[in-house]
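*Asks:* This is the structure I want to talk about, given as structure tokens.
The values are calculated or read from the model by the stated rules, or taken from the named source; none is laboratory data. Computed from a predicted model, the values in this text were never measured in an experiment. So basically every Cβ, Gly included, is an ideal-geometry build from the backbone, and we count neighbours across all protein chains shown.
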Amino acid sequence: MAKAFGRAESSRYIQSIPAALEKKVLRGAAKAAADVIADEVKDRTNSDVVRAGIITQTKTEIGRITVRVTVKKGWAYSLALWAEYGTSPHFISVDPSARDGKSIRRINDQVKEGSLVIGNRFVGASVRHPGAQDAPLFRPSLDIKRGEAITAAQGYINTRLAREGLGGPDVPEDS
């Protein structure tokens, strides 16, 4: 009778494949897809500050991988939010507690930044900002590049599996 050796080792290896796939391959595939979306967001924005702040983040939990295309916290994040959703009309003024009894003109002469001067012209103690029209970046990018992102993720998976010698039969990618 024939004897089989390595049954326990083979069983452990087969059971470890899903965890290895999740940790290494699927997270990388999610990142590859997110990079396609992030590139489209960068192309759609007209702000160099927002463009420089766009990042992708991946997170792995048990049985779940999430990926986010977002903007770094700070000024770039604020600009991206205002672009994505627009702003309502609002007033801009110097906080009275920051005036120290000075007039707005005196503050403008001293500070030169952050006070109410537009185009080198004093505009007064307050300004009514008309608001800004929304110019969505993220959702349209996802809608436009969804198919390309899926293709990038599949390409990443195929490459990683082939590198490990786990690729199946050659099947054209467009099928």
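*Asks:* Show me the helices (runs of 4 or more DSSP H) found entirely inside the stretch 26-123 where at least 3 residues are at pLDDT below 90. Break it down into steps so the answer makes sense when it comes.
*Replies:* Values: elements: 27-44, 48-53, 75-85, 96-99, 104-111.
The qualifying helices (runs of 4 or more DSSP H) are 96-99, 104-111.
*Asks:* Could I ask something else about it? Among the residues of the stretch 46-78, write down those that are crowded, with 16+ Cβ neighbours inside 10 Å, touching a strand residue (DSSP E or B) at 6+ places or on another chain (Cβ under 6 Å) and farther than 20 Å from Leu137 by Cβ.
*Replies:* Hits for the stretch 46-78: nothing passes.
*Asks:* Within the stretch 45-68, is there a residue that is of a type in the set (Ser, Thr, Tyr) and more than 19 Å from Ala32 (Cα to Cα)?
*Replies:* So far as the stretch 45-68 goes, yes, one or more of its residues are of a type in the set (Ser, Thr, Tyr) and more than 19 Å from Ala32 (Cα to Cα).
*Asks:* I'm trying to understand the selection: among the residues of the stretch 124-161, which are over 15 Å from the mean Cα position of the chain (by Cα) and under 16 Å from Asp39 (Cβ atoms)? Explain how you work it out, then say what you get.
*Replies:* If we filter the stretch 124-161 for residues that are over 15 Å from the mean Cα position of the chain (by Cα), which is where we start, we get 124-135, 144, 147-148, 150-161.
The answer is Ile144, Gly147, Glu148, Ile150, Thr151, Ala152, Ala153, Gly155, Tyr156.
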